[in-house]
Number of protein chains: 2
Amino acid sequence: MPKIALETIPASNGTPYPAEFAGPFAGRWTRRVGSAAKFEDFGVSHVTLEPGAQSSQRHWHEQEDEFVVVLSGTATLVDDTGRTLMVPGDMAVFPKNDGNGHMLVNEGDQPCTLVAVGAHGRGDCHYPDIDMHLFHGKGWRRKDGTEFPEQE
Amino acid sequence: MPKIALETIPASNGTPYPAEFAGPFAGRWTRRVGSAAKFEDFGVSHVTLEPGAQSSQRHWHEQEDEFVVVLSGTATLVDDTGRTLMVPGDMAVFPKNDGNGHMLVNEGDQPCTLVAVGAHGRGDCHYPDIDMHLFHGKGWRRKDGTEFPEQE
């Protein structure tokens, strides 16, 4: 049946970020809806941000278009232009290689749910606020290319 | 600014379907959000279905994954398994080549808004209920390959 029964898709609050940048994600619960559907063309995630949680470190992709729509609660979109409140039904677009680092933060007192769509991982990703860079094929490293310490 | 100002994106109720199958779409208003963002990786449409309107003819794609999330109002998902009500926040997935023809119909008395994501047009598309087929690169024809009359 095409309609998604959300409770059948596992929710994870894990992050592949290095430990020193993994803090704000304990309250981010991601369900890989596209993977559950065996999608090949793009990824779809259903994300719940508990109060205080954020969607990612502020970033932009060289080779991945990204789209977000808010379903419930509110989130603050932080990007180079400032801070923008997003309410249910609001959408945001992040075209590849636009150089505008972005993230969403739940600064409200209720959970925020959203859907995020993106191309499957490819190309480098830039993080303007922190000393981290995603080198395609090599994972997250410091901007000078040195590796982070092994995580436990 | 990444947040979409919906009113800046033109809404169209046009359809490329041949005239005899274009009836239920006068009340379907589509905004090409992905195109406005110059997305290359996938298409994103914001769709308003007025009462009685439907999202498409019932169909399935050989080579395009599709995803839908309802934002407001209600829609009835019609597919091979039957009829399923979808309310705000509900999502549905239509993996490529699953052979399960699907469409959404607004049977409520309020407009329904939704976001639809799909790969850019490629491959054939099947319509189980009507004598129409999308031949990739040749457009919509009858199932035996003959062309529809020219539209005005």
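The values are calculated or read from the model by the stated rules, or taken from the named source; none is laboratory data. Fair warning: this is a prediction, and the values are worked out from it, not measured in the lab. Backbone-built Cβ (ideal geometry, glycine too); neighbour counts: all protein chains shown. Just so you know, the surface numbers come from the protein's heavy atoms only, side chains and all, with ligands and any DNA or RNA stripped out. Shrake-Rupley method; radii C 1.70, N 1.55, O 1.52, S 1.80 Å.
Going from the chain on its own to the full set of protein chains, region B:77-121 has these residues losing 50 Å² or more of accessible surface (heavy atoms, 1.4 Å probe, no ligands, DNA or RNA): B:Met91, B:Val93.
Interface residues of region B:39-58, defined as those losing at least 10 Å² of solvent-accessible heavy-atom surface relative to the isolated chain (probe radius 1.4 Å), are listed as B:Phe39, B:Glu40, B:Asp41, B:Phe42, B:Val44, B:His46. Rounded to the nearest 20, the size of the Cβ-charge dipole of chain B about its Cα centre is 380 debye, with Lys and Arg at +1 and Asp and Glu at -1. Indicate the gyration tensor shape class of region A:32-118 (rounded, prolate or oblate), computed on the Cα atoms with a ≥ b ≥ c the square roots of the eigenvalues: a/c under 1.5 is rounded; otherwise a/b larger than b/c is prolate and the rest oblate. Oblate shape, in that a/c is at least 1.5 and b/c is the bigger or equal ratio. With an a/c value under 1.5 for the gyration tensor axes a ≥ b ≥ c computed over the alpha-carbon atoms, chain A is described as rounded. Entry comment: accessible area of chain A is 46 Å² per residue, from protein heavy atoms only and a probe of 1.4 Å.
Remark: label point of A:Ala11 defined 7 Å out from Cα along the Cα-Cβ vector; separations to the same position in other copies 3.3 nm, ascending. Distances, shortest first, from the label point of B:Glu50 to those at the same position in the other copies read 4.6 nm; the point lies 7 Å along Cα to C-beta.
Centre-to-centre, using Cα atoms only, region B:73-104 and region A:20-68 are separated by 24 Å. Comparing each chain alone with all protein chains together (probe 1.4 Å, DNA, RNA and ligands left out), the residues of region A:16-38 losing at least 20 Å² of accessible area are A:Val33, A:Ala37.
Within the accessible area of the protein assembly as shown, the carbon and sulfur atoms contribute 50%, probe 1.4 Å, all protein chains present. Label positions at B:Ser12 and A:Glu50, each projected 7 Å from the Cα along the C-beta direction, are separated by 4.6 nm. In nanometers and ordered shortest first, the copy-to-copy spacing of the B:Pro149 label point, defined 7 Å from Cα toward Cβ, is 7.7. 3J(HN,Hα) along region A:6-23, derived from phi through the Karplus expression 6.51 cos²θ - 1.76 cosθ + 1.60 where θ = phi - 60°, amounts to 4, 5, 8, 9, x, 9, 10, 10, x, 9, x, 4, x, 3, 5, 10, 9, x Hz, with x in place of Gly and Pro. Heavy-atom accessible area buried between chains B and A is around 3100 Å² (1.4 Å probe, both sides summed).
Which entries in the list A:Lys143/B:Lys96; A:Lys96/B:Lys96; A:Lys96/B:Lys3 go over 27 Å, if you measure between the two C-alpha atoms of each?
A:Lys143/B:Lys96
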